[in-house]
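J.: The structure is given below, and queries will be raised subsequently.
No value in this document is a laboratory result; all are computed from the given coordinates. Source: prediction; values computed, not measured. Here the Cβ positions follow ideal geometry from the backbone for every residue, glycine too, while neighbour counts run over all protein chains shown.
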């Protein structure tokens, strides 16, 4: 049932909005991972970020695409929790340092072991529209021992203006989605953060809208 609900939701609601109402400039779509285990690491300015990334996949495999999302936000009431878990198919993550590192990513590892494709926002939260925050180190600790898991970096620009944080209605904008080559994992967390930051900056140069991410 959750698989059918997810397909219907994206077919009837999300895809018409994302692919018709929004204007998307998509570059390097062929670089998007089609099989798991894999991680998409993307910048984060809007709730539309997840919907756009998932909409790039065929409906037949969208059940394999799993956003990693903050448990304190998406499980804060029973209705939102049901929708997030059963329709979007999130993997809830407890933020704030209340969980041991070895326990934090248990559900992520289970999903990767099943061949799922995870969507992760390394900044940890939505930032101000079109501003790039420094990535956190969590992604490094998730993948550092997983030689089977590729990381595909993605930069999106314009979605923070289309649906800014705290807003319920979106405004159509032309938005960029630039997909990069799979990344290797650096030797330590600081080097990985620097590597990911540089990669995001390079992908940002391929955007055709706006001028810069601060």
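J.: Taking the Cβ of each residue in 157, 57, 73 as the centre, tally the other Cβ atoms inside 10 Å and list the residues starting with the fewest.
T.: Going from sparsest to densest Cβ surroundings: 73, 57, 157.
J.: Taking the number of other C-beta atoms within 10 Å as the exposure measure, put 156, 183, 51 in order starting with the fewest.
T.: Listing 156, 183, 51 from fewest to most nearby Cβ atoms yields 183, 51, 156.
J.: Let me ask something else about it. When you have a sec, figure out the Kirkwood radius of the stretch 40-105 from all distinct Cα pair distances and drop it here in Å to one decimal?
T.: 13.0 Å
J.: Rounded, prolate or oblate: which fits the stretch 1-128 when a ≥ b ≥ c are the square roots of the eigenvalues of the alpha-carbon gyration tensor, with rounded for a/c under 1.5 and prolate only if a/b beats b/c?
T.: Values: a/c = 1.41, a/b = 1.36, b/c = 1.04.
It is rounded, given that a/c, with a ≥ b ≥ c, falls under 1.5.
J.: With the crude spin-label approximation of a point 7 Å out along Cα→Cβ, what separation in nm comes out for residue 103 versus residue 60?
T.: Going by the 7 Å Cα→Cβ label model, 4.2 nm.
J.: Sort 106, 18, 39 so the one with the fewest other Cβ atoms within 10 Å of its own Cβ comes first.
T.: Taking fewest neighbouring Cβ atoms as first place, the list is 106, 18, 39.
J.: Please report the antiparallel percentage of the DSSP beta bridges confined to the chain, to the nearest 5.
T.: 20 percent
J.: Extending each Cα 7 Å along its Cβ direction at residue 7 and residue 148, get the distance between those two points in nm, one decimal.
T.: Once both label points are built, they end up 2.6 nm from each other.
J.: Right, another one. So, R0 is 41 Å and r is the distance between the beta-carbons of residue 25 and residue 184; what FRET efficiency does that work out to, to 0.05? Numbers along the way, then the final one.
T.: Values: r = 27 Å, r/R0 = 0.67.
Taking R0 as 41 Å, the efficiency between residue 25 and residue 184 is 0.90.
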